[in-house]
2 protein chains.
Amino acid sequence: MRFKINKDKLLYHLLIAQKALSTKTPNPALQGIKIDVEADKLVMTTSNSDISIKVMLEDASLDVESTGSTLIPGKYFIEIIRKLDGQSVTFSQVEDNLLRIEADHSDITLNMLDLDDYPELQFKETDQSIKVNVRTLKTIIRQTAFATSSIENRPILTGVNFTIDGDRLSGVATDSYRLSQKEIPLEDSYEKMNVIIPGRSLEELMKILENNQSDVEVHFDQNRVLFKYENVLFHSRLLEGNYPETSKLIPAEFPVQITFNKEQLITAIERASLLSSRDGQNAIVKLNVRNDDVVEISSNSPEIGRVLEEVHPADEIQGSPIKIAFSSKYVLEALKVFNSSEVTVKFTGEIRPFIITGEYDDDMLQLILPVKTD
Amino acid sequence: MRFKINKDKLLYHLLIAQKALSTKTPNPALQGIKIDVEADKLVMTTSNSDISIKVMLEDASLDVESTGSTLIPGKYFIEIIRKLDGQSVTFSQVEDNLLRIEADHSDITLNMLDLDDYPELQFKETDQSIKVNVRTLKTIIRQTAFATSSIENRPILTGVNFTIDGDRLSGVATDSYRLSQKEIPLEDSYEKMNVIIPGRSLEELMKILENNQSDVEVHFDQNRVLFKYENVLFHSRLLEGNYPETSKLIPAEFPVQITFNKEQLITAIERASLLSSRDGQNAIVKLNVRNDDVVEISSNSPEIGRVLEEVHPADEIQGSPIKIAFSSKYVLEALKVFNSSEVTVKFTGEIRPFIITGEYDDDMLQLILPVKTD
């Protein structure tokens, strides 16, 4: 095996593969990047317990003298490539288990891992797949995945529930204190589908997807999902089990509705969170509609002090005055995924979940459970 | 007490005072910022076990309605000021122990700390002082303080030893594995002086000193030092004891001398450090002068691999070939404080300390102890 390639091109693709590189793993082979050197391309493969990535690198700078396969310690390999001087790097296998890396005035030899220990990975397409624009896919992930649970005691809630009904793709996430839901139209109609993708897999996928016009092919079967995006195959396991029926959690009537400038509401809640003795964003903040239609956002920590913010709604308040308390973290995280500059908060009652919607955020809904106070 | 001031001006000065704010302290009063509101200025004071800071804030935006003093929980106060909207903030004392902060639509009340618990702090000038340009002071600190010991078992080595002899100010730091020494000329002559300033105090001082043309007055006595810089008084305790006599550690003859392009040497050593199983920079790196006058920088970690870098000296090598091994961390940290783009490494022998100097770094010397290898 011997080939030459442009250093920056190689590094760019290695950093994609790195997203699935295991750092702590009982199987040392998974700390490696598998590189298959073919006549006209490099194929790089990485895997951890949740996701596997395969990156194809075809480039004019690639000059393959002889093909072959190798398994290289990922962390060291990436650090070396990052630090090399010069544009072109030459790789060759020497002896039985050494990879030689030559660039400029550097001559580096890296012990290879045993390729026989590397697991068989599945990147096969399935019978059921959809096509979705990459920006649309990024939107639905960004607006739902943050609301998944990070606690493992109900594993199913650590994932986002995606369903397809005709030409509608819907994503729902909840940690049982808040819920996030987004629906997008697809260009074609598809068979019904219902899967739960781990939130962490989606976070890694987000780092790879760029803001361009590409389409992503998404392949599903019983227990896995495969994203085909440009020269990358991204595979994730699915979470098994039945996702809770969330639609019945969402109130149908909202007698009180207040429209806010989003940034004003965010900064008011952020300031009200400052004096919490609980850590930062987890502060309990109260919202109180006064008779003069000014909204008070406040918090009170007897040991530290109190904050009172006056926010003037962007529009006339609908309904009667209301008092409600909530965890600032949940409301802030929800507000921050809106694209609209104005958001409407809709209340059913003081101890009922409230929802947030935005004029320019079609078919997106953020729901938050209030907190009981005295 | 009641006053109004521009928010950004206040924040800027608070962030200076913050450098001496205690976060963990058995004395809760030291978590506070003391603010004395005088007719024409605010005086802000903070202190921890090593340093105390007093900042005077005079500004056209300051409008004092009534004077007074207060002790405010520092962390919360700074976070509030940072997050406020609007330009102008009004502060007033309400009831006995509350500070009210009004800005734009925010109305915040902060419990004050008990001013009676705040210690008496010394910011008095002493009989002995020198004057030094702020850029010169920053240079001598930057080029020495990094070499202090971070281990407390010989407390004296956690400080930088400053001495004055006539119109020469010298700074020396060593952790017993490397030594850094810089001497600067002063504009005037002074009495002899010999003090040890804690490295950590100097690091905090560095964050306050800007790159301008100001002079800094430095006042000393037996156990403390006071820096007067613009509107800031910066006080530090001194370390007590006798600093070791370091001049005898420095070899007098250097039969082998090699001049390098500094950046080339740094990147070669950085790459050679990459494959160390010890953590990062602590790698053992070897330097070997070949007969063809190329310098090899190399490392070898049997489990991971090996690196061989060829560096072409910037000038003819003086002396005979030499082999030496060193800790990459020490050499890299030393190289990075040089202003010169070429540095000369001077060797006495394979197990003797070697030094580094630079053409444009007058009176600066970095010394490093080699490591024995087989």
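Key figures for this structure:
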item: Meets criteria (surrounded by 15 or more Cβ atoms within 10 Å (Cβ to Cβ) and either at the interface with chain A (Cβ under 10 Å from one of its Cβ atoms) or over 21 Å from B:LYS372 (Cα atoms) (or both)) for B:SER328; result: no
item: Residue in the range A:126-135 that is more than 19 Å from A:THR23 (Cα to Cα) and at the interface with chain B (Cβ under 10 Å from one of its Cβ atoms) present; result: no
item: All positions within the range A:44-69 that are β-branched (Val, Ile, Thr) and surrounded by fewer than 20 Cβ atoms within 10 Å (Cβ to Cβ); result: A:VAL64, A:THR67
item: Every pair of residues 6+ apart whose Cβ atoms lie under 6 Å, when the first sits in the range A:1-28 and is surrounded by fewer than 21 Cβ atoms within 10 Å (Cβ to Cβ) while the second is acidic (Asp, Glu); result: A:ARG2/A:GLU65; A:LYS4/A:ASP63; A:LYS9/A:ASP59; A:LYS19/A:GLU204
item: Looking only at the range A:36-91, and only at residues there that are charged (D, E, K, R) and within 14 Å of another protein chain (Cβ to nearest Cβ), the one that is farthest from A:ASN6 (Cα to Cα); result: A:LYS75
item: Strands (runs of 3 or more DSSP E) contained entirely in the range B:1-117, each with at least 2 residues that are of a type in the set (Gly, Ala, Ser); result: B:68-73, B:88-94
item: Filter result (buried (at least 19 other Cβ atoms within 10 Å of the Cβ) and either assigned to a loop (DSSP other than H, G, I, E, B) or within 14 Å of another protein chain (Cβ to nearest Cβ) (or both)) within the range A:231-263; result: A:LEU239, A:TYR243, A:PHE260
item: Every residue from the range A:157-166 that is within 15 Å of A:ARG200 (Cα to Cα) and more than 16 Å from the chain's Cα centre (by Cα); result: none
item: Residue check, B:THR45 under 28 Å from A:GLU309 (Cβ atoms) and in contact with a helix residue (DSSP H, G or I) (Cβ under 9 Å, 6 or more places away or on another chain); result: no
item: Residue selected from the range A:290-306 under the condition crowded, with 21+ Cβ neighbours inside 10 Å and within 22 Å of A:ILE351 (Cα to Cα), by the criterion modelled with the lowest pLDDT; result: A:SER299
item: Selection from the range A:288-306 of residues that are part of a strand (DSSP E or B) and away from chain B (no Cβ under 14 Å); result: A:VAL289
item: Lone unmet requirement of (1) at the interface with another protein chain (Cβ under 10 Å from one of its Cβ atoms); (2) crowded, with 17+ Cβ neighbours inside 10 Å; (3) at pLDDT below 90 for A:ALA283; result: (1)
item: Condition met for B:THR139 (away from chain A (no Cβ under 14 Å), surrounded by 16 or more Cβ atoms within 10 Å (Cβ to Cβ), without any contact (Cβ under 8 Å) to a residue 60 or more places away in the chain and not basic (Lys, Arg)); result: yes
item: Criterion: closer than 15 Å to A:ASP50 by Cα, in contact (Cβ under 8 Å) with a residue 12 or more places away in the chain and under 14 Å from the mean Cα position of the chain (by Cα) - qualifying residue of A:ARG224, A:ARG237, A:ARG200; result: A:ARG200
item: Count - residues of the range A:322-339 that are touching a residue at least 40 places away in the same chain (Cβ under 8 Å) and part of a loop (DSSP other than H, G, I, E, B); result: 4
item: Qualifying residue in the range B:307-320 (condition: surrounded by fewer than 19 Cβ atoms within 10 Å (Cβ to Cβ), in a strand (DSSP E or B) and more than 14 Å from chain A (Cβ to nearest Cβ)); result: yes
item: From A:VAL172, A:VAL218, residue being more than 30 Å from A:LEU14 (Cα to Cα) and part of a strand (DSSP E or B); result: A:VAL172
item: Residue in the range B:156-174 that is surrounded by the fewest Cβ atoms within 10 Å (Cβ to Cβ), counting only those that are more than 15 Å from B:GLU245 (Cβ to Cβ) and among the small types (Gly, Ala, Ser); result: B:GLY166
item: Filtered residues of the range A:175-205 (kept if surrounded by 22 or more Cβ atoms within 10 Å (Cβ to Cβ) and outside any strand (DSSP E or B)); result: A:GLY199, A:SER201, A:LEU202, A:LEU205
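One line per residue, one yes/no per condition, for (1) out of contact with any helix residue (DSSP H, G or I) (no Cβ under 7 Å at 6 or more places or on another chain); (2) closer than 21 Å to B:ALA147 by Cβ:
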| site | (1), (2) |
| --- | --- |
| B:GLU296 | yes, no |
| B:ASN300 | yes, no |
| B:ASN339 | yes, yes |
| B:VAL345 | yes, yes |
| B:GLU350 | yes, no |
| B:PHE354 | yes, yes |
| B:TYR360 | yes, yes |
| B:ILE368 | no, yes |
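The values are calculated or read from the model by the stated rules, or taken from the named source; none is laboratory data. Just so it is clear, the model here is predicted, and its values are computed rather than measured. Every residue, glycine among them, receives a Cβ derived from its backbone with ideal geometry; neighbour counts consider all protein chains shown.
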